[in-house]
Each structure stands twice: as C-alpha cells, then as structure tokens.
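This report concerns only the one structure given below.
Taken together, the values in this text are just the output of simple stated rules run on the coordinates, not laboratory data. These figures come from a predicted structure and were not determined experimentally. Every residue, glycine as well, gets a Cβ built from its backbone with ideal geometry; the counts of neighbours run over all protein chains shown.
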Amino acid sequence: MKTHLYPGLFSTVLTAGLMFAVSDLDCRAQGTSFNGFEFALPATIECEQFNRGGVNVAYSAPNGLPNTKYRDEGVAIYRCSDYDGSRGYCLKGWQGNWFRYSITTAEAATYRIEVRARRVAAQYSGSFRLQIEGGQYTDMTVNGAIDGWQTLTGTISITAGSHVLKLEMTSGDATLGVGLFDYMTLYKAPASINNPTYQVSANLLQRDMAVGLGLGAGSS
Ligand SMILES: [Ca+2]
C-alpha cells in the first residue's frame, strides 16, 4: 500500500491519533477519580477524596503535612470531628491550595452545593471557591464557631457530561489556614432553593468510613 494513494484515510488516522493524544493529555492534566469512577450527580463528595494524579495535577497543597495515613500525598488530612467523628476524615487547606474532583451529570441544571466545613481558629474566617473548570463558580466563607461545623450553600449551573470540580482556597490565616472540609453534596436545586425546610435525601450521602477505617492521623 502506498500512503499517497489514500490521503483521506491517512489524514483521518492521523487526526484520530492526535485527538486521542490530546484527550489523554487532558485526562492526565486533571488526574483520575479517587474511587475509580466519576462522582455522578447528585452525589456527596468527600473532600479528602480529591483526584489521584499527584501534585500540580490533582491538587496543589505545598503547605500540607506529609504524615497523613489516609493517602500518600503530602496533604493535611485528619480524622474528622464532624458528626462526632462518624464521618471519617476531613481535609485542611491553606490559601492558594486547590483540589480537583472528577464529576459527571446526565442533566444540565442549576445545582445546589452544600459544603460541610469548619473554621481553623477563633477569629479567623476563611474563604474558598468552588468552580466547574471552564464554567461557573461560587464563593463561600467559613465563619462559624471555632468548635462547630457548619453547612455552607451555593449554586452552580452545570452542563450535562463530565467535568472537573475545583475546590480552591482563596483567603485565610497564613499559618492556621483557610478551614477544615468534610464533604460537599451537589444536587439539582429545588424550585425554591431558599426553602429552609428542604433537606437532601439521606440516601444520597456516601460515607467514607469504609475507605479510611482505622487509618487515622490525629483528629481535628
Ligand atoms: Ca470527609
């Protein structure tokens, strides 16, 4: 076979090869999901279950602690005091840190995000951003009681398909950090998102106990 006799075919194969290479590169640039599958919305995402793939790919946390036993990366992950410790682990972040989570949804909609978080110290609030990369974002502030976990809320419009959700720490105390983060729940916003009686169904919650049971590295 002489290649010049099949320029169209050669071009198609070459193009397909390039498309695969670019797609593969995009995947590596964002890491791969912690559990081996994308979080399918509606879902609860444990904040400590950010993507695999290493620093500057799945996360950036140069201020993190290298002694966590939950996973190998040098990220500050602690046994979580939320719900009396029954929910496993939480993530601590400092200004500039970011973490990626692979998600997917079959339905384009406005999604409500509930973030379970706690401030790091008295008088220090912390701010963070949740963004669908290439899309919308919502900013939140952790400012509750020092010994109390709080549920922060925001909304983001998400198109159908696979996306990367990025949790980015935007401001906080330089030493103590921005906050502690237990989990994020994303679900299609009800018609009246300000309805205080609306509660996400308990069966949407996925617990991380099975993953991290017995691998504690201190508590928070
Ligand atoms: Ca958690």
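How large is log10 of I(q)/I(0) for the range 113-170 at q = 0.19, 0.28 Å⁻¹ when the intensity is taken from the Debye formula with one equal scatterer per alpha-carbon? For the requested q values the scattering log ratios are -0.68, -1.14.
Taken along the Cα-to-beta-carbon direction at a fixed 7 Å, the label points for Asn143 and Asn56 span 3.6 nm. Derived from the Cα gyration tensor, the three semi-axes of the equivalent ellipsoid of the range 66-161 are 25, 17, 14 Å, largest first. A simple spin-label model places the labels of Ser157 and Tyr83 3.3 nm from each other, with each point 7 Å out along Cα-to-Cβ. With neighbour counts taken as other beta-carbon atoms within 10 Å, the residues Lys69, Lys92, Lys166 rank, fewest first, as Lys69, Lys166, Lys92. For Glu107, Glu48, the sequence from fewest to most other C-beta atoms within 10 Å is Glu107, Glu48.
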